[in-house]
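Shown next, in structure tokens, is the structure this report addresses.
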Amino acid sequence: MIRSLSGLDLALCLAFSLALPAGQVLFKLGAEHTRQVEGGLLAKVILNPPLIGAFVWYGLTSLLWVYILTRAPLSQVYPFSILGAALTPVLAVLLFRESLPPQAWLGYVVMLAGFVLVMRPAA
């Protein structure tokens, strides 16, 4: 499957894969920042730069995704979302000192193995 994607398509998909966990980190920072903001939900959103940044980032990421979909079939590029999903918990451990049990690590390894399996060219 991977052979049918151009080098640019692969680069765009990898950028998308990295953009997803970056957005999740911004959402987490925004969630933590809400503790410092007085007021209701609207104040906690409007006065929350990390959360506003997360919304903007995800908007830009969505535009990137639409552009990718104009260039390549969904079935070929969607597996790249697995990479982002597997990288997000690693960033949570590194940046927020969260802990993951061994079965979670194993699950993420299985996800990555699935990505490799799906992206291998057909025999």
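Details
- Here the helices (runs of 4 or more DSSP H) wholly within the stretch 47-123 that include at least 1 residues being over 27 Å from residue 6 (Cα atoms) and at pLDDT 95 or above are 49-71, 80-96, 102-119.
- For residue 61, the conditions (1) surrounded by 12 or more Cβ atoms within 10 Å (Cβ to Cβ); (2) among the hydroxyl-bearing types (Ser, Thr, Tyr); (3) without any contact (Cβ under 8 Å) to a residue 12 or more places away in the chain all hold with the exception of (3).
- Of the residues making up the stretch 82-101, those that are small (Gly, Ala, Ser) and without any contact (Cβ under 8 Å) to a residue 60 or more places away in the chain number 2.
- Contacts under 9 angstrom Cβ, first residue in the stretch 105-122 being charged (D, E, K, R), partner in a helix (DSSP H, G or I) and surrounded by 13 or more Cβ atoms within 10 Å (Cβ to Cβ), 6 or more apart: 120/2
- When residues of the stretch 82-108 are limited to those that are crowded, with 17+ Cβ neighbours inside 10 Å, over 18 Å from residue 119 (Cα atoms) and not hydroxyl-bearing (Ser, Thr, Tyr), the one nearest to the chain's Cα centre (by Cα): 89
- Residue satisfying all of: in the stretch 13-46; assigned to a helix (DSSP H, G or I) and of a type in the set (Val, Ile, Thr); modelled with the lowest pLDDT among these: 45
The values are calculated or read from the model by the stated rules, or taken from the named source; none is laboratory data. Please read these numbers as outputs of a predicted model, since none were measured by experiment. Reconstructed Cβ throughout: ideal geometry from the backbone, glycine too, with neighbour counts over all protein chains shown.
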